[in-house]
Amino acid sequence: MDIQFEGKRVLVTGAARGIGRAICEAFAADGAAVLATDVNEAELQRLADETRPARGGSISTACLDVTDEAQITQLIATEDAKGGFDIFVHVAGGVLGQTKKPVEDVPAADWDSIYDVNVRGAFMVARAVVPAMKKRRAGKLVFISSGAGIGVSLTGIQAYASAKAALISLARQLGHELGPFGINVNAVAPGFLRTSPDYERQWASYGDEGQQAMIDEIPLRRIGRPEDISNAVLFLASPFASWITGQTLSVSGGPVA
Ligand SMILES: NC(=O)c1ccc[n+]([C@@H]2O[C@H](COP(=O)([O-])OP(=O)(O)OC[C@H]3O[C@@H](n4cnc5c(N)ncnc54)[C@H](O)[C@@H]3O)[C@@H](O)[C@H]2O)c1
(Lines give C-alpha, C1' and ligand atoms only; values in the text may rest on other atoms or scores of the structure.)
Protein backbone atom coordinates (compact mmCIF):
# COMPACT_ATOMS: atom_id res chain seq x y z
CA MET A 1 0.00 0.00 0.00
CA ASP A 2 1.77 3.15 -1.16
CA ILE A 3 -0.07 6.02 0.50
CA GLN A 4 0.62 9.39 -1.10
CA PHE A 5 -0.86 12.82 -0.53
CA GLU A 6 0.71 14.81 -3.36
CA GLY A 7 -1.47 17.81 -4.19
CA LYS A 8 -3.58 17.39 -1.03
CA ARG A 9 -4.06 20.23 1.46
CA VAL A 10 -4.23 19.18 5.11
CA LEU A 11 -5.29 21.20 8.16
CA VAL A 12 -4.13 19.94 11.56
CA THR A 13 -5.18 21.54 14.86
CA GLY A 14 -3.13 20.93 18.03
CA ALA A 15 -0.14 20.39 15.77
CA ALA A 16 2.69 21.81 17.85
CA ARG A 17 3.93 18.72 19.62
CA GLY A 18 3.40 15.02 20.28
CA ILE A 19 0.69 13.36 18.22
CA GLY A 20 -0.21 16.46 16.19
CA ARG A 21 3.38 17.07 15.25
CA ALA A 22 3.88 13.45 14.14
CA ILE A 23 0.75 13.68 11.98
CA CYS A 24 2.03 16.86 10.28
CA GLU A 25 5.45 15.33 9.66
CA ALA A 26 3.96 12.16 8.21
CA PHE A 27 1.60 13.99 5.83
CA ALA A 28 4.40 16.32 4.67
CA ALA A 29 6.71 13.34 4.11
CA ASP A 30 4.04 11.81 1.88
CA GLY A 31 3.65 14.90 -0.29
CA ALA A 32 0.87 16.90 1.38
CA ALA A 33 0.78 20.66 1.86
CA VAL A 34 0.16 20.86 5.61
CA LEU A 35 -1.11 23.84 7.58
CA ALA A 36 -0.05 23.11 11.16
CA THR A 37 -2.02 25.13 13.71
CA ASP A 38 -1.90 25.46 17.49
CA VAL A 39 -1.90 28.04 20.29
CA ASN A 40 1.72 27.18 21.09
CA GLU A 41 3.58 29.38 18.60
CA ALA A 42 7.12 28.57 19.81
CA GLU A 43 6.64 24.82 19.31
CA LEU A 44 4.93 25.41 15.96
CA GLN A 45 8.02 27.30 14.80
CA ARG A 46 10.22 24.42 15.92
CA LEU A 47 8.05 22.02 13.91
CA ALA A 48 8.40 24.20 10.81
CA ASP A 49 12.17 24.51 11.27
CA GLU A 50 12.83 20.82 11.90
CA THR A 51 10.47 19.04 9.51
CA ARG A 52 11.89 17.61 6.30
CA PRO A 53 9.01 17.28 3.82
CA ALA A 54 9.33 14.96 0.81
CA ARG A 55 7.51 14.19 -2.46
CA GLY A 56 6.73 17.90 -2.90
CA GLY A 57 5.16 18.20 0.54
CA SER A 58 5.37 21.31 2.72
CA ILE A 59 4.55 22.62 6.19
CA SER A 60 3.28 26.08 6.96
CA THR A 61 2.08 27.22 10.35
CA ALA A 62 -0.60 29.48 11.78
CA CYS A 63 -1.66 30.34 15.29
CA LEU A 64 -5.22 29.03 15.74
CA ASP A 65 -7.14 28.80 19.01
CA VAL A 66 -9.93 26.32 18.27
CA THR A 67 -12.13 27.92 20.94
CA ASP A 68 -12.13 31.23 19.04
CA GLU A 69 -14.88 31.35 16.43
CA ALA A 70 -13.63 34.56 14.80
CA GLN A 71 -10.12 33.14 14.33
CA ILE A 72 -11.53 29.98 12.77
CA THR A 73 -13.80 31.89 10.40
CA GLN A 74 -10.98 34.17 9.28
CA LEU A 75 -8.43 31.40 8.74
CA ILE A 76 -10.80 29.16 6.80
CA ALA A 77 -12.05 32.04 4.62
CA THR A 78 -8.45 32.81 3.66
CA GLU A 79 -7.73 29.15 2.95
CA ASP A 80 -10.98 28.60 1.03
CA ALA A 81 -9.92 31.40 -1.29
CA LYS A 82 -6.91 29.19 -2.14
CA GLY A 83 -9.10 26.12 -2.73
CA GLY A 84 -9.90 24.85 0.77
CA PHE A 85 -8.70 21.73 2.54
CA ASP A 86 -8.93 18.11 1.41
CA ILE A 87 -8.24 16.74 4.88
CA PHE A 88 -8.87 18.05 8.41
CA VAL A 89 -7.39 16.35 11.49
CA HIS A 90 -8.54 17.59 14.90
CA VAL A 91 -5.82 16.87 17.44
CA ALA A 92 -6.22 19.89 19.73
CA GLY A 93 -7.34 18.70 23.13
CA GLY A 94 -5.85 16.81 26.01
CA VAL A 95 -6.38 17.56 29.68
CA LEU A 96 -5.08 21.16 29.59
CA GLY A 97 -2.94 20.73 32.71
CA GLN A 98 -5.84 19.50 34.82
CA THR A 99 -5.52 16.65 37.31
CA LYS A 100 -7.97 14.24 38.93
CA LYS A 101 -10.46 15.66 41.45
CA PRO A 102 -13.50 14.11 43.13
CA VAL A 103 -16.51 14.95 40.98
CA GLU A 104 -18.01 17.18 43.68
CA ASP A 105 -14.89 19.40 43.57
CA VAL A 106 -14.70 19.94 39.79
CA PRO A 107 -15.32 23.59 38.87
CA ALA A 108 -17.70 24.03 35.94
CA ALA A 109 -15.04 26.15 34.23
CA ASP A 110 -12.65 23.16 34.21
CA TRP A 111 -15.32 20.97 32.62
CA ASP A 112 -16.09 23.63 30.02
CA SER A 113 -12.48 24.26 29.02
CA ILE A 114 -11.88 20.59 28.23
CA TYR A 115 -15.11 20.39 26.21
CA ASP A 116 -14.32 23.65 24.41
CA VAL A 117 -11.02 22.43 22.99
CA ASN A 118 -11.66 18.71 22.53
CA VAL A 119 -15.28 18.68 21.29
CA ARG A 120 -16.55 22.16 20.45
CA GLY A 121 -13.24 22.84 18.66
CA ALA A 122 -13.75 19.78 16.45
CA PHE A 123 -17.30 20.87 15.67
CA MET A 124 -16.35 24.50 14.97
CA VAL A 125 -13.48 23.71 12.61
CA ALA A 126 -15.38 20.87 10.89
CA ARG A 127 -18.30 23.25 10.35
CA ALA A 128 -15.96 25.74 8.71
CA VAL A 129 -14.08 23.35 6.38
CA VAL A 130 -17.01 21.22 5.22
CA PRO A 131 -18.63 23.65 2.72
CA ALA A 132 -15.56 23.64 0.43
CA MET A 133 -15.38 19.84 0.71
CA LYS A 134 -19.06 19.53 -0.16
CA LYS A 135 -18.51 21.62 -3.29
CA ARG A 136 -15.75 19.26 -4.40
CA ARG A 137 -17.76 16.25 -3.21
CA ALA A 138 -14.65 14.93 -1.46
CA GLY A 139 -13.04 15.31 1.93
CA LYS A 140 -11.68 13.48 4.95
CA LEU A 141 -12.11 14.41 8.61
CA VAL A 142 -10.27 12.55 11.37
CA PHE A 143 -10.78 13.34 15.08
CA ILE A 144 -8.28 12.23 17.74
CA SER A 145 -10.39 10.73 20.49
CA SER A 146 -8.88 8.47 23.18
CA GLY A 147 -9.15 5.12 24.89
CA ALA A 148 -10.63 7.35 27.61
CA GLY A 149 -13.69 7.76 25.40
CA ILE A 150 -14.17 4.01 25.03
CA GLY A 151 -13.40 2.78 28.53
CA VAL A 152 -12.39 4.47 31.77
CA SER A 153 -9.84 7.30 31.63
CA LEU A 154 -6.53 6.70 33.40
CA THR A 155 -6.44 10.45 34.04
CA GLY A 156 -9.53 10.22 36.25
CA ILE A 157 -10.75 13.46 34.65
CA GLN A 158 -14.50 13.15 34.11
CA ALA A 159 -14.76 15.86 31.44
CA TYR A 160 -11.89 14.32 29.46
CA ALA A 161 -13.46 10.85 29.32
CA SER A 162 -16.82 12.34 28.45
CA ALA A 163 -15.40 14.72 25.80
CA LYS A 164 -13.48 11.94 24.07
CA ALA A 165 -16.65 9.80 23.99
CA ALA A 166 -18.49 12.77 22.50
CA LEU A 167 -15.91 12.94 19.69
CA ILE A 168 -16.61 9.29 18.82
CA SER A 169 -20.29 10.13 18.57
CA LEU A 170 -19.58 13.27 16.53
CA ALA A 171 -17.52 11.24 14.03
CA ARG A 172 -20.37 8.71 13.73
CA GLN A 173 -23.03 11.40 13.28
CA LEU A 174 -21.03 13.48 10.77
CA GLY A 175 -20.02 10.31 8.92
CA HIS A 176 -23.70 9.58 8.46
CA GLU A 177 -24.57 13.15 7.45
CA LEU A 178 -21.65 13.80 5.10
CA GLY A 179 -21.28 10.39 3.42
CA PRO A 180 -23.65 11.38 0.59
CA PHE A 181 -21.28 14.28 -0.18
CA GLY A 182 -18.23 12.03 -0.52
CA ILE A 183 -16.82 13.10 2.86
CA ASN A 184 -15.47 10.46 5.25
CA VAL A 185 -15.42 11.18 8.99
CA ASN A 186 -13.62 8.88 11.40
CA ALA A 187 -11.92 8.93 14.79
CA VAL A 188 -8.73 7.41 16.15
CA ALA A 189 -8.62 6.43 19.83
CA PRO A 190 -5.01 6.26 21.05
CA GLY A 191 -3.88 4.36 24.11
CA PHE A 192 -1.24 5.89 26.40
CA LEU A 193 1.71 7.86 24.92
CA ARG A 194 4.36 9.92 26.73
CA THR A 195 3.95 12.98 24.53
CA SER A 196 3.59 16.08 26.67
CA PRO A 197 4.13 17.39 30.21
CA ASP A 198 0.59 16.31 31.18
CA TYR A 199 1.21 12.71 30.11
CA GLU A 200 4.76 12.66 31.52
CA ARG A 201 3.36 13.74 34.89
CA GLN A 202 0.77 10.98 34.74
CA TRP A 203 3.46 8.42 33.79
CA ALA A 204 5.76 9.54 36.63
CA SER A 205 2.89 9.23 39.12
CA TYR A 206 2.70 5.46 38.49
CA GLY A 207 6.26 4.83 39.75
CA ASP A 208 8.49 2.03 38.40
CA GLU A 209 6.19 -0.79 39.43
CA GLY A 210 3.04 0.90 38.17
CA GLN A 211 4.70 1.67 34.83
CA GLN A 212 5.73 -1.96 34.38
CA ALA A 213 2.25 -3.14 35.41
CA MET A 214 0.73 -0.87 32.78
CA ILE A 215 3.02 -2.25 30.08
CA ASP A 216 2.29 -5.82 31.20
CA GLU A 217 -1.45 -5.23 30.78
CA ILE A 218 -1.06 -4.13 27.15
CA PRO A 219 -1.30 -7.18 24.87
CA LEU A 220 1.47 -5.84 22.57
CA ARG A 221 3.60 -5.02 25.65
CA ARG A 222 4.56 -1.40 24.99
CA ILE A 223 3.09 2.06 25.27
CA GLY A 224 2.36 4.02 22.10
CA ARG A 225 4.59 6.13 19.90
CA PRO A 226 3.35 9.18 17.97
CA GLU A 227 3.95 7.37 14.66
CA ASP A 228 1.53 4.59 15.74
CA ILE A 229 -1.17 7.25 15.71
CA SER A 230 -0.04 9.07 12.56
CA ASN A 231 0.00 5.78 10.63
CA ALA A 232 -3.66 5.20 11.52
CA VAL A 233 -4.62 8.78 10.66
CA LEU A 234 -2.89 8.67 7.28
CA PHE A 235 -4.64 5.41 6.45
CA LEU A 236 -8.06 6.85 7.35
CA ALA A 237 -7.32 9.99 5.31
CA SER A 238 -6.20 7.97 2.28
CA PRO A 239 -8.14 6.51 -0.63
CA PHE A 240 -7.49 3.06 0.90
CA ALA A 241 -10.11 3.93 3.55
CA SER A 242 -12.66 5.31 1.08
CA TRP A 243 -15.43 2.92 2.24
CA ILE A 244 -14.89 3.54 5.95
CA THR A 245 -16.83 6.29 7.69
CA GLY A 246 -18.34 7.06 11.08
CA GLN A 247 -15.90 4.63 12.74
CA THR A 248 -13.40 4.77 15.57
CA LEU A 249 -10.10 2.94 15.26
CA SER A 250 -8.52 2.00 18.59
CA VAL A 251 -4.71 2.28 18.37
CA SER A 252 -3.63 1.09 21.77
CA GLY A 253 -1.59 -2.10 21.67
CA GLY A 254 -4.73 -4.17 22.10
CA PRO A 255 -7.70 -4.49 24.43
CA VAL A 256 -6.95 -4.43 28.14
CA ALA A 257 -8.81 -6.97 30.32
N1 LIG B 1 -0.73 11.22 24.89
C2 LIG B 1 -1.70 10.35 25.15
O3 LIG B 1 -1.53 9.40 25.94
C4 LIG B 1 -3.03 10.49 24.48
C5 LIG B 1 -3.90 9.39 24.51
C6 LIG B 1 -5.14 9.49 23.90
C7 LIG B 1 -5.49 10.66 23.26
N8 LIG B 1 -4.64 11.72 23.24
C9 LIG B 1 -5.09 12.93 22.54
O10 LIG B 1 -4.18 13.22 21.52
C11 LIG B 1 -4.21 14.64 21.26
C12 LIG B 1 -2.78 15.15 21.25
O13 LIG B 1 -2.24 14.96 22.52
P14 LIG B 1 -0.68 14.84 22.76
O15 LIG B 1 -0.48 13.59 23.48
O16 LIG B 1 0.06 15.05 21.49
O17 LIG B 1 -0.33 16.04 23.76
P18 LIG B 1 -1.12 17.35 24.18
O19 LIG B 1 -2.31 16.96 24.99
O20 LIG B 1 -0.18 18.25 24.81
O21 LIG B 1 -1.57 17.97 22.79
C22 LIG B 1 -2.59 18.86 22.71
C23 LIG B 1 -2.22 19.99 21.76
O24 LIG B 1 -3.39 20.81 21.64
C25 LIG B 1 -2.96 22.16 21.74
N26 LIG B 1 -4.05 23.00 22.22
C27 LIG B 1 -4.49 23.13 23.49
N28 LIG B 1 -5.48 24.04 23.53
C29 LIG B 1 -5.67 24.47 22.25
C30 LIG B 1 -6.56 25.40 21.65
N31 LIG B 1 -7.47 26.10 22.38
N32 LIG B 1 -6.49 25.58 20.31
C33 LIG B 1 -5.59 24.91 19.58
N34 LIG B 1 -4.71 24.03 20.09
C35 LIG B 1 -4.77 23.81 21.42
C36 LIG B 1 -1.77 22.14 22.69
O37 LIG B 1 -0.96 23.30 22.56
C38 LIG B 1 -1.06 20.85 22.26
O39 LIG B 1 -0.13 21.10 21.22
C40 LIG B 1 -5.09 15.26 22.33
O41 LIG B 1 -6.38 15.49 21.80
C42 LIG B 1 -5.14 14.18 23.39
O43 LIG B 1 -6.32 14.25 24.15
C44 LIG B 1 -3.41 11.66 23.82
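Couple of notes before you dig in:
- Hits in region 159-200 (condition: open to solvent by less than 10 Å² (accessible area, probe 1.4 Å) and more than 8 Å from the ligand (Cβ to nearest atom)): 159, 163, 167, 171, 175, 178, 183, 185, 186, 187, 188
- Among (1) open to solvent by 20 Å² or more (accessible area, probe 1.4 Å); (2) in a loop (DSSP other than H, G, I, E, B); (3) within 13 Å of the ligand (Cβ to nearest atom), the one test that residue 66 misses: (1)
- Picking from residues in region 134-150 that are of a type in the set (A, V, I, L, M, F, W, C), crowded, with 23+ Cβ neighbours inside 10 Å and more than 9 Å from the ligand (Cβ to nearest atom), the one that is farthest from residue 161 (Cα to Cα) is 141.
- Scanning region 201-208 for residues that are more than 16 Å from the chain's Cα centre (by Cα), among the basic types (Lys, Arg) and away from the ligand (no atom under 12 Å from the Cβ) turns up nothing.
- Looking across region 104-152, the residues that are among the hydrophobic types (A, V, I, L, M, F, W, C), more than 13 Å from the chain's Cα centre (by Cα) and part of a helix (DSSP H, G or I) come down to 108, 109, 111, 114, 124, 128, 129, 130, 132, 133, 148.
- Pairing residues of region 168-186 that are of a type in the set (Asp, Glu) with residues that are at pLDDT 95 or above and surrounded by 20 or more Cβ atoms within 10 Å (Cβ to Cβ), at Cβ distances under 9 Å and at least 6 apart in sequence or on separate chains, gives 177/183; 177/185.
- Annotation: of all residues in region 96-127 being more than 16 Å from residue 64 (Cβ to Cβ) and polar (S, T, N, Q), the one that is most open to solvent (accessible area, probe 1.4 Å) is 99.
- Filter result for residue 58 (at pLDDT 95 or above, within 12 Å of the ligand (Cβ to nearest atom), open to solvent by less than 60 Å² (accessible area, probe 1.4 Å) and of a type in the set (S, T, N, Q)): no
The values are calculated or read from the model by the stated rules, or taken from the named source; none is laboratory data. Because the structure is a prediction, the values reported are computed rather than measured. With ideal geometry, Cβ positions are generated from the backbone for all residues, glycine too; neighbour counts draw on all protein chains shown. Heads up: the accessible areas ignore ligands, DNA and RNA and are worked out on the full protein's heavy atoms, side chains in. Shrake-Rupley method; radii C 1.70, N 1.55, O 1.52, S 1.80 Å.
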